[in-house]
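**Q** Before I ask anything, let me first share the structure, which is written out below as structure tokens.
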Ligand code: PGA
């Protein structure tokens, strides 16, 4: 069954997040859809939401700490307040825009693994690597597994080519299946695809061999579209 995750990035307010979550929850209840759905709002919008068991709220980021002096960051003390036990780690925007190194990412992974968090771990190559071919792409991706326990039981992977994120350029089915089958041959974990997934292409992508769902940014921020995305993949 497809896993569908929405990454809000720096979008939505506390108020609009609450409305969004309620609408998605009501939709899951009324449509009896049982696929696993995740929503990652901004940290200012985390809260205790009433939701069905297949709708999980997660954090887009947190520091590898319970609490302390890490200006601008949050730790598990803040996440525990809302019962958050799910985190995105390794997103390319944190790697490339916020400058998180593989070492820092691995440290964060180890910390949240120890606490049994569900981790959605993102990997993906920039355009110049993709243009160098599949072998170079896979080499680059495997470097992103350094320090990561790929046998961790609460692990979901997300392959998100950097050149496809927020650009409107989705990877071709062939690009997706070749990378997914290579990763799957090494690591036996659910593997989502992310990068310009939208209402119109989500079902086709989720039907591909080796694709277990989608991690969606832009196209998920409108609640009607997100519900349609869930609807389009409910039997996949
Ligand atoms: P996008 O982002 O859907 O806007 O391409 C995906 C992601 O970064 O998770």
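Each value in this text was obtained by applying a stated rule to the coordinates, not by laboratory testing. This one's a predicted model, so the numbers in the text were calculated from it and none came from an experiment. Glycine gets a Cβ as well: all are built from the backbone with ideal geometry, and neighbour counts include every protein chain shown.
**Q** Quick check on the chain: helices-only [θ] at 222 nm, where DSSP H runs of length 4 and up contribute -39,500 (n - 2.57) each and the sum goes over total residues. Nearest 500, please.
**A** -10500 deg cm²/dmol
**Q** How are the alpha carbon pair distances in the stretch 1-133 distributed across 5 Å bins from zero to the largest one, expressed in percent?
**A** Result returned by the calculation: 2, 9, 19, 21, 19, 14, 9, 5, 2, 0.
**Q** Pick from 30, 45, 101: which is most flexible by mean-square fluctuation in a GNM of the chain where alpha carbon atoms under 10 Å apart are linked?
**A** 30
**Q** Order these peptides, 76-83, 188-195, 204-211, by their mean beta-carbon neighbour count within 10 angstrom, highest first.
**A** Packing order, densest peptide first, comes out as 188-195, 204-211, 76-83.
**Q** Using packing as a proxy for protection, rank 59-68, 154-163 so that the peptide with the highest average count of other Cβ atoms within 10 Å comes first.
**A** Listed from highest to lowest mean packing, they are 154-163, 59-68.
**Q** At a 10 Å Cβ-Cβ cut-off, how would you order 215, 134, 88, fewest neighbours first?
**A** Ordered by Cβ neighbours within 10 Å, fewest first: 134, 88, 215.
**Q** Where does the Debye-calculated log10 I(q)/I(0) of the stretch 157-236 sit at q = 0.15, 0.17 Å⁻¹, using only Cα point scatterers of equal weight, no solvent?
**A** Listed by q, the Debye log ratios stand at -0.46, -0.60.
**Q** Note the full-extension length gain between residue 146 and residue 104 as 0.36 nm times their separation in residues minus their Cα-Cα distance, in nm to one decimal.
**A** 14.0 nm
**Q** Now, a different point. Antiparallel versus total DSSP beta bridges in the chain: what percent is that, nearest 5?
**A** 0
**Q** Which of the peptides 171-182, 219-230 is most tightly packed, and how do the rest follow, going by the mean number of other Cβ atoms within 10 Å of each residue?
**A** In descending order of packing, they fall as 219-230, 171-182.
**Q** Suppose a student asked you for the relative contact order of the chain, using Cα pairs under 8 Å spaced at least 6 residues apart; what percent would you report?
**A** Reported relative contact order: 21 percent.
**Q** Under the 0.36 nm per residue contour assumption, what length would be gained going from the current alpha-carbon distance of residue 11 and residue 200 to full extension?
**A** This chain segment gains 65.9 nm when fully extended.
**Q** Please say if the stretch 99-170 is rounded, prolate or oblate, where rounded means a/c under 1.5 for a ≥ b ≥ c the square roots of the C-alpha gyration tensor eigenvalues, and otherwise the choice is prolate for a/b larger than b/c and oblate otherwise?
**A** prolate
**Q** If the convex hull of the alpha-carbon atoms of the chain is projected onto planes in all directions, what is the mean projected area in square nanometres?
**A** Computed as one quarter of the Cα hull surface, the answer is 11.7 nm².
**Q** Something else: Using Cα springs under 10 Å in a Gaussian network model of the chain, which residue among 185, 196, 16 shows the largest mean-square fluctuation?
**A** 185
**Q** Using only the alpha-carbon atoms of the stretch 133-204, report the extent along each of the three principal axes, biggest first, to the nearest angstrom.
**A** 34, 28, 19
**Q** Going 7 Å from the Cα of residue 65 toward and past its Cβ, which residues in the stretch 97-118 have a backbone nitrogen under 16 Å from where you end up?
**A** Counting backbone N atoms under 16 Å from the label point, the list is 104-105, 107-109, 111-112.
**Q** While we're looking at this one, here's another question. Pop the C-beta distance of residue 207 and residue 53 into the FRET formula with R0 = 25 Å and round what comes out to the nearest 0.05.
**A** 0.45
**Q** Please give the length that would be gained between residue 173 and residue 186 if that part of the chain were fully extended, namely 0.36 nm times their separation in residues minus their C-alpha to C-alpha distance (nm, one decimal).
**A** So the extension gain works out to 2.7 nm.
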